[in-house]
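Scroll down for the structure; my scribbles are underneath it.
The values are calculated or read from the model by the stated rules, or taken from the named source; none is laboratory data. What you see is a predicted model; the values in this text were computed from it and never measured. Cβ placement follows ideal geometry from the backbone for every residue including glycine, while neighbour counts extend to all protein chains displayed. Surface accessibility is based on the protein's heavy atoms, side chains included, excluding ligands, DNA and RNA. Shrake-Rupley method; radii C 1.70, N 1.55, O 1.52, S 1.80 Å.
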Amino acid sequence: MLSKCPHCQHSLKLSDNQQNKINKALAALAPGKFLKLGCPHCHKAIELDSDGTVAGSKPQSDSLPSAPAPKKKSKKGLPPPPAPPGIDWLSDGEMEEKDFIDDVTQVLILMNPGDDRDKIVQAFEKINYKPVFAESGEDGIEMMRFVNFAAVVMEKNYEGGLADSLFHAHMRAMAMPKRRYIFYVLVGSDCNTLYDLEALSDSANLVVNNNDVDQFDLILKKGLVDYEHLFSPFVNMLKECGRK
């Protein structure tokens, strides 16, 4: 059982509910894969092997000859990740079909079926996002290993609350070269819609109260415009420095 963070050595004090979710996720791991968790103290990623031990913590057998270190493949020549699409046209509150790029941009949805989910899906479909639904938090984590989602929407009580959510911990621990390209939306009855400070404290890009979901299409436009204005100069600067 994982009792402390291997990075900061703080005690994790996992609840029975959290431990059960971790055990379930470990049992579903594919061979050679790791389960990533986020430390609530230092926020660094913790990788677990399928038996629950910290990845790389097992001692190597003395009876086996040491294998030569594999040569690192050069990343030189790989194309840089695509830049976020321009969305300044959203600020006038109008949409025309000719304004959209005909590509497949996907949004991962972690919400229970219902009217709120339907309205949020419709808002994303209006701007040509393809909705993909996770069956659980563990399923959502696994899907993100193989798909670069442009946006993620999660209801705060989807896994019983953010404190118990493995998926939210995964988003918090995600490396920034990937995380900064994902528009993360949290929906909840205790959220203050479009309150940036609250979104920042929850490691999200946008927070929306359930009572305001009827206007989600307009809220989404405003959130995306703010996201573009905030991150585009920073991303462009990173690219100029050869980073992403």
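The table below gives the values:
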item: Any chance Val185 is under 28 Å from Pro40 (Cβ atoms) and in a strand (DSSP E or B); result: yes
item: Sole exception among (1) surrounded by fewer than 17 Cβ atoms within 10 Å (Cβ to Cβ); (2) at pLDDT below 95 for Phe133, by number; result: (2)
item: Positions within the stretch 186-206 being open to solvent by 40 Å² or more (accessible area, probe 1.4 Å) and aliphatic (A, V, I, L, M), in sequence order; result: Leu194, Leu197, Leu200
item: Qualifying residue in the stretch 145-162 (condition: buried (at least 19 other Cβ atoms within 10 Å of the Cβ), touching a residue at least 24 places away in the same chain (Cβ under 8 Å) and part of a helix (DSSP H, G or I)); result: yes
item: Residue within the stretch 177-188 that is out of contact with any Gly (no Cβ under 9 Å at 6 or more places or on another chain) and aromatic (Phe, Trp, Tyr) present; result: yes
item: Positions within the stretch 113-144 being part of a helix (DSSP H, G or I), charged (D, E, K, R) and closer than 21 Å to Val208 by Cβ, in sequence order; result: Asp115, Asp116, Arg117, Asp118, Lys119, Glu125, Lys126
item: Positions within the stretch 180-207 being in contact with a helix residue (DSSP H, G or I) (Cβ under 7 Å, 6 or more places away or on another chain) and within 20 Å of Glu228 (Cβ to Cβ), in sequence order; result: Arg180, Phe183, Tyr184, Thr193, Leu194, Ser203, Asn205, Leu206, Val207
